[in-house]
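The values are calculated or read from the model by the stated rules, or taken from the named source; none is laboratory data. The model shown is predicted, which means the values in this text are computed figures rather than measured ones. Neighbour counts are summed over all protein chains in view; Cβ atoms, including those assigned to glycine, are modelled from backbone coordinates with ideal geometry. Calculation scope for accessible area: heavy atoms of the full protein, side chains included, ligands and nucleic acids excluded. Shrake-Rupley method; radii C 1.70, N 1.55, O 1.52, S 1.80 Å.
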Amino acid sequence: MATSSEPILCMTDIDKHFPGVIALTKARLTVRPGEVMALMGANGAGKSTLMNVLGGVISPNGGTIELSGATVAFQSPRDSKAAGIAFVHQELTMFGTMTVAENIFIDDFPMASQLTDTRRMRAEATRLLDLVGARIEPDMPVEQLGTGDRQLIEIARALRRNPKVIIFDEPTSSLTDRERHRLFEVVRSLRQAGAAVIYITHFLDEIFAVCDRVTVMRDGTTVSDNAIAEVTAADVVRLMLGPTEEAGRLRPPTPSSASALVEVSGLSRSGALRDVALSLRPGEIVGLWGLLGSGRTELIRALMGLDPIDDGRITWFGDGQGRSVTPTELCGFAGLVTEDRRGEGIVAPQSITDNVALPNLGHLSSALGVIDGRRAEKLACETMNRLSVKASGPQQAIGTLSGGNQQKVVLGRWLAVQPRLFLLDEPTRGLDVSAKTDILKLVVELAQSGCAVLFVSSELGELMRVADRYLVMSRGQIIDDLPPTASEDDLMRAVA
Amino acid sequence: MAVRKHPSFRQFLADRGFFIVLALTFALFSVATDNFLSVGNVFGVIHSMTPLAVMSVGMALVVMTGKIDISVGSVAFLSTSIGVIAMRDYGFGPLAACALTLLVGVVCGAVNGVLVARFGVDPLITTLGSMIAFRGLGLQLTNSVMLQLPEATRASGNIAVGPVYLDILFGALVIVGFHYLHTRRPFGRVLTAIGNDVVAANKVGLPVDRVVFQSFVISGLMAAVAGTMTALQLGAVTAFLGQGAEFNALAVIVVGGISLTGGRGNLLVGIPLGAALFEFIRNGLTHLGADPYSYRLVGGVVIFVAMYADAIRTKLLASRRKLIIDG
């Protein structure tokens, strides 16, 4: 139902450089009134930066923004709001102890004789809540409402200035199915009312459900703008991921014939994982493949006991016969690399020695429980030599190393523990090409030494260099198990 | 065990607990002593607690943002000292001196506000520093001696209409005014929003820094007002004026059910209730002939119980919320 009217918003050749990083180069986005535009892109493609430019949060280094035909330059979020652009943020900005009506009007209260006009607020809030299909009392404190209702209040707040352009940033990531469909209804009615909607999501089915056009971004620039009828889901995935780098496999596929090391069945976590079953065998590298938001990270976290699970059974065969274990127990058998290296992987201000010692404190301690500093340092030196970590010495603070060397230490510290299972969540994120290869080589070495490895990466090309088979995830479920011979095309089709 | 079987009873205690404690305290002292429950005594207690309530209501705005201002006692001392010196040495009239006193309170609050809102210094550290510095400055200016108020103004703190002291009416007006400021002015609503979630408040584009700054200024101003009221009641500014008052005010706030984590609480009910509980316990103990040093012990126990009730309340809310989201 894309209309052929003039664009209401035209962002042309937007450039944005941060120190050391080029976030946007010649990014474009055109939206017409009465149109829902999907904005897609992998992590780091520049969607958020582009929307922050539009929202007045950051100012671009180059390019023009035209709103209703006039060139605009936003100095602050306030400017952008005043110009008729509304932003529904991914993280809810609700104030729990305050009422629904107050939350809607928090940044601009209607006043009557020096006080907030509660009567007008209530009436206006009722109208807006009606508009978004929420059945909530405006006088209710928000803390007594669920996530779905809060999301709708957030939208009601965005609508109260009758915006011309509304940005939805992953609005469904925390909604149930029913709430999702209610949200789609809201988006459709906004379109009906002639607003332009920019809809950011990681879920492909949603764009086909509510969007009229789709703009795809990759590496900080806009790569396509199509009517939704012109493309298939597989096309969109291909556009998002781009051509995969042609880099050879690090080892030929070696499907393991050994019996399983760990078996998982029925693993569920409300809102994140549904009935996940998988088994990992010694010596194999299993690529866990799926788009962002498919539940990859959630699966790793649930397996490690970092998030609670609602249901499921984990059987560990590491000591001969299988026995049922809890995620926390499984964590004790496994080496873990999380996707957030700075936040969860390293203790930045501490030395390499201290960081290497962390999972090894048990056997580095003397009988009295005092850590043997000399042994810890020796272990750090061994690790550094084995993985050729570039540092001035084991006492250098790990935070001052390059990303690749940090990650080597993160992986290396597990080697002394000799776990039989490795769970690696985006271990190469943010590394340069050679550092990536080093890490991948290390992963292959681990598998060769008989470990089972579950490897998550959002870069397909990288996954294809090491994986012995692929588990495909979508919406918290494992939907496919593909052999190592699967082509890039097969894998992209599987998630689309 | 009985408590665990009836979660609603726990909730009732958490929500209404201090009404009950206040009522029980009142009943206990009324029965146990002869003079406690007399019109004169009750109004006398309210009279003496009013400056503390006025100080607490100003500080409560800062607490509402999730921050803290422990310099209020020193601000009360420094500002009144300067006011009295202005009258004694520089020929200020009572009204001009009063204005000067309030101005000093505003300036003190602004110093705190700039450090916290503009330079991002931790509010506890900031106001701990200014608490020491302001009192030090005041002691230097007064040479630590008691300064008498001029004869003409000395009695004005204790003017009463019938049994009702004038400053009780003033205090009541202030609290009602602050209640409206908090619940019905955008300033008060933004204050509460900041206390709920400062990150979200920034993201929505609320004027977080400005409002935090203003809350410290108002806290300083009300400390000066409270100091003036105390000085007028006593007829003098002593070196001990306002000493420890910051902790009494904090106790009033906590006992009044205003959450120290910010965003939660009702000034209109909480401040008078919190202040009354403290003063009635103190007064009742005096009537019982208790050792004056026991006030501190009892006061400490009351604060602890109030904090515990606050923790229970927070936990109950969280579990209620979880039920809603899961269900």
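Here are a few things to note about the model shown:
- Which listed residue is basic (Lys, Arg) and open to solvent by less than 20 Å² (accessible area, probe 1.4 Å), from A:441, A:408: A:408
- Taken over region A:174-194, the criterion of being out of contact with any helix residue (DSSP H, G or I) (no Cβ under 7 Å at 6 or more places or on another chain) and assigned to a loop (DSSP other than H, G, I, E, B) is satisfied by A:193, A:194.
- Matching strands (runs of 3 or more DSSP E) fully within region A:239-331 where at least 3 residues are under 30 Å from residue A:223 (Cβ atoms): A:285-289
- Index of the failed condition, residue A:427 passing every other in (1) open to solvent by 30 Å² or more (accessible area, probe 1.4 Å); (2) assigned to a loop (DSSP other than H, G, I, E, B); (3) touching a residue at least 12 places away in the same chain (Cβ under 8 Å): (1)
- Among the residues of region A:77-98, those identified as part of a helix (DSSP H, G or I), charged (D, E, K, R) and either in contact (Cβ under 8 Å) with a residue 24 or more places away in the chain or within 29 Å of residue A:140 (Cβ to Cβ) (or both) are A:78, A:81.
- For region A:280-298, a tally of residues being open to solvent by 30 Å² or more (accessible area, probe 1.4 Å) and either of a type outside the set (A, V, I, L, M, F, W, C) or in contact with a Leu (Cβ under 6 Å, 6 or more places away or on another chain) (or both) returns 4.
- Test: residue in region A:453-475 that is at positive phi, in contact with a Ser or Thr (Cβ under 9 Å, 6 or more places away or on another chain) and buried (at least 20 other Cβ atoms within 10 Å of the Cβ): no
- Residue count for region B:197-221, restricted to those that are assigned to a helix (DSSP H, G or I), within 9 Å of chain A (Cβ to nearest Cβ) and open to solvent by less than 50 Å² (accessible area, probe 1.4 Å): 3
- Count of residues meeting criterion [more than 14 Å from chain B (Cβ to nearest Cβ), open to solvent by less than 60 Å² (accessible area, probe 1.4 Å) and in contact with a Ser or Thr (Cβ under 9 Å, 6 or more places away or on another chain)] in region A:65-100: 3
- Of the residues in region B:159-182, at least one is of a type outside the set (Ser, Thr, Tyr), assigned to a helix (DSSP H, G or I), open to solvent by 50 Å² or more (accessible area, probe 1.4 Å) and within 14 Å of chain A (Cβ to nearest Cβ).
- Just so you know, in region A:349-375 the residues that are among the aliphatic types (A, V, I, L, M) and open to solvent by less than 30 Å² (accessible area, probe 1.4 Å) include one that is nearest to residue A:395 (Cα to Cα), and it is A:352.
- Number of positions in region A:112-130 that are within 10 Å of chain B (Cβ to nearest Cβ) and surrounded by 14 or more Cβ atoms within 10 Å (Cβ to Cβ): 4
- Those residues of region A:386-403 which are over 14 Å from residue A:413 (Cβ atoms), in a helix (DSSP H, G or I) and open to solvent by 30 Å² or more (accessible area, probe 1.4 Å), in sequence order: A:400
- Single residue of A:171, A:138 found to be more than 14 Å from every other protein chain (Cβ to nearest Cβ), closer than 22 Å to residue B:202 by Cα and either open to solvent by less than 40 Å² (accessible area, probe 1.4 Å) or assigned to a helix (DSSP H, G or I) (or both): A:171
- Lone qualifier among A:187, A:216, A:223 - being closer than 28 Å to residue A:65 by Cα, modelled with pLDDT of 90 or more and touching a Ser or Thr at 6+ places or on another chain (Cβ under 8 Å): A:216
- Residue match in region A:479-492 (condition: open to solvent by less than 10 Å² (accessible area, probe 1.4 Å) and charged (D, E, K, R)): no
- Restricting attention to region A:101-111, the residues being assigned to a loop (DSSP other than H, G, I, E, B) and facing chain B (nearest Cβ under 7 Å) number 3.
- Residues that are aliphatic (A, V, I, L, M) and either outside any helix (DSSP H, G or I) or modelled with pLDDT of 85 or more (or both) do not occur anywhere in region B:2-22.
- You will find that of B:295, B:308, the residue that is touching a Ser or Thr at 6+ places or on another chain (Cβ under 9 Å), modelled with pLDDT under 85 and more than 14 Å from chain A (Cβ to nearest Cβ) is B:295 and no other.
- Filter result (assigned to a loop (DSSP other than H, G, I, E, B) and open to solvent by less than 10 Å² (accessible area, probe 1.4 Å)) within region A:212-238: A:220
- Lone qualifier among B:228, B:261 - being of a type in the set (Ser, Thr, Tyr), touching a residue at least 60 places away in the same chain (Cβ under 8 Å) and surrounded by fewer than 22 Cβ atoms within 10 Å (Cβ to Cβ): B:261
- Residues located in region A:174-189, provided they are away from chain B (no Cβ under 14 Å) and out of contact with any Cys (no Cβ under 9 Å at 6 or more places or on another chain): A:177, A:180, A:181, A:182, A:183, A:184, A:185, A:186, A:188, A:189
- Residue in region B:138-152 that is away from chain A (no Cβ under 14 Å), open to solvent by 70 Å² or more (accessible area, probe 1.4 Å) and within 17 Å of the chain's Cα centre (by Cα) present: no
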